[in-house]
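Asker: Before I ask anything, here is the structure I am working with.
The values are calculated or read from the model by the stated rules, or taken from the named source; none is laboratory data. Since this is a predicted model, take the numbers as computed values, not measurements. Note that each Cβ is placed from the backbone with ideal geometry, even for glycine, and that neighbours are counted across all protein chains shown.
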Amino acid sequence: MRSVLLIIAVTLAALCSGCVIQPIQLRAVQPDGRPIEGVDVYRNTLGWFKIFASDDEPFVSDGDGVAGFTLFSRRTSLTVFKPGFEPRQVIVMPYAGVRSEIRGEGETTIDFDQVKGKVPIDFPLVPVTRTPIEIRVRNEAGQPVEGATVYLSTFIYLKEQGAEQSRGRLPVQQVSTGADGSAQVEFISGFMNRVVVRAPGLVSAWAELRSPRGVELVASSRETRPVAFRVIDRKTKLPLAGAVISAGASSDGLPPDPDAFSVTTAVGGRTPEVVLARRVPLYVHVKAPQGYRDTDLHLEWRKLVEASDPVYTVTIALPRK
């Protein structure tokens, strides 16, 4: 036990060699300078190992708009949320020579050496704006698709996948296209806006928007292929049970894709047969058994359809951790 504690202590000492802890105060203000109460600030310190863990709970600004906490002299990401305002991310760098001002526009960088715990750093938050945009849905022949479902979801890129579910995501917009194949949604400023189109008998189409603009999406005919998956150890070639292969799962707040599936390998390393729908790009996710690495696999649709097998078998070789 003593040897384990000694190893941990030596590792921490090595990682924290020269490490400095500095208090910081961020003051959230509106464009006119008024403070904003109730702003959530999440701190995520990046290092070789998860020694400096991300915060599960945010630091919250008080009536003066001030949120105070401490920072390590390591690269740190601060993510700032407040309903009704555009989310912001601030990167604190551990070395000199970078911008020291927080301008409140996009991702901003400040210098750790410029952080002064007793002097709040003003952080302007910009109110969210909503801009109507038109989404046009066509089939492969260029004809309008009536009755297609158009979704618009918002998100920001965070280190922890799915964390945006509880940190700033807005309700998903859902409308249907009219006889001319068009529908109107609202572009939300400050977020990545993802438009997804689904229609009966057609493959989903999508686009990501960073600025408000109209979009035309082509929903292709739904092509399918019966497949099964076989998972093996990359080195020994032995079959692996308990691997979960899935596709079409939504992590952006949308309902499950109609063509989504999830199957698990049995003792022989093989899954039941599934109907795989063509999508671009065509990826499947593999949740590996214990001791192996998860992976995302890109499939070539042409290779699948040109094979003469009634049920094509996709072999996946997983490396050990």
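Asker: I want to confirm something. Restricting to the stretch 297-314 and keeping residues that are surrounded by 12 or more Cβ atoms within 10 Å (Cβ to Cβ) and either outside the structural domain of LYS235 (by TED's automatic domain parsing) or within 25 Å of the chain's Cα centre (by Cα) (or both), which single residue is nearest to PRO239 (Cα to Cα)?
Answerer: Per the stated criteria, the residue is LEU297.
Asker: Inside the stretch 198-210, can you point out the residues that are modelled with pLDDT of 90 or more and under 15 Å from ALA249 (Cα atoms)? First the steps, then the outcome.
Answerer: Let us first name the residues in the stretch 198-210 that are modelled with pLDDT of 90 or more, namely 198, 207-209.
Across the stretch 198-210, the qualifying residue is only ARG198.
Asker: Here is a list of conditions, (1) surrounded by 10 or more Cβ atoms within 10 Å (Cβ to Cβ); (2) at pLDDT 80 or above; (3) within 30 Å of LEU170 (Cβ to Cβ), and GLY63 meets all of them except one; can you say which number that is?
Answerer: In the conditions (1) surrounded by 10 or more Cβ atoms within 10 Å (Cβ to Cβ); (2) at pLDDT 80 or above; (3) within 30 Å of LEU170 (Cβ to Cβ), GLY63 misses (1) alone.
Asker: Still on this structure: For the stretch 181-194, which positions are on the phi < 0 side of the Ramachandran plot and in contact (Cβ under 8 Å) with a residue 40 or more places away in the chain?
Answerer: The first filter runs over the stretch 181-194 and keeps only residues on the phi < 0 side of the Ramachandran plot, leaving 182-189, 191-194.
SER182, ALA183, GLN184, VAL185, GLU186, PHE187, ILE188, SER189, PHE191, ASN193, ARG194, listed by residue number.
This table checks each residue for (1) crowded, with 16+ Cβ neighbours inside 10 Å; (2) free of Cβ contacts under 8 Å to residues at least 60 places away in the same chain; (3) not hydroxyl-bearing (Ser, Thr, Tyr).
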position: GLN174; (1), (2), (3): no, yes, yes
position: VAL196; (1), (2), (3): yes, yes, yes
position: ARG210; (1), (2), (3): no, yes, yes
position: SER221; (1), (2), (3): no, no, no
position: THR265; (1), (2), (3): yes, yes, no
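Asker: What are the pairs with Cβ atoms under 8 angstrom where one residue, in the stretch 124-146, is without any contact (Cβ under 8 Å) to a residue 40 or more places away in the chain and the other, located anywhere, is outside any loop (DSSP other than H, G, I, E, B)? Sequence gap at least six, or different chains.
Answerer: PRO144/ARG136; PRO144/VAL137; PRO144/ARG138; PRO144/SER182
Asker: Then there's this: Considering only the stretch 113-138, how many residues are modelled with pLDDT of 75 or more and in contact with a strand residue (DSSP E or B) (Cβ under 7 Å, 6 or more places away or on another chain)? Can you show your working first?
Answerer: In the first step, residues of the stretch 113-138 are kept if they are modelled with pLDDT of 75 or more; the result is 118-138.
In the following step, the residues that additionally are in contact with a strand residue (DSSP E or B) (Cβ under 7 Å, 6 or more places away or on another chain) were identified as 120-128, 130-138.
Qualifying residue count for the region: 18.
Asker: I'm told VAL267 meets every condition in (1) in a loop (DSSP other than H, G, I, E, B); (2) under 28 Å from GLU134 (Cα atoms) except one. Can you identify the failing condition by its number?
Answerer: (2)
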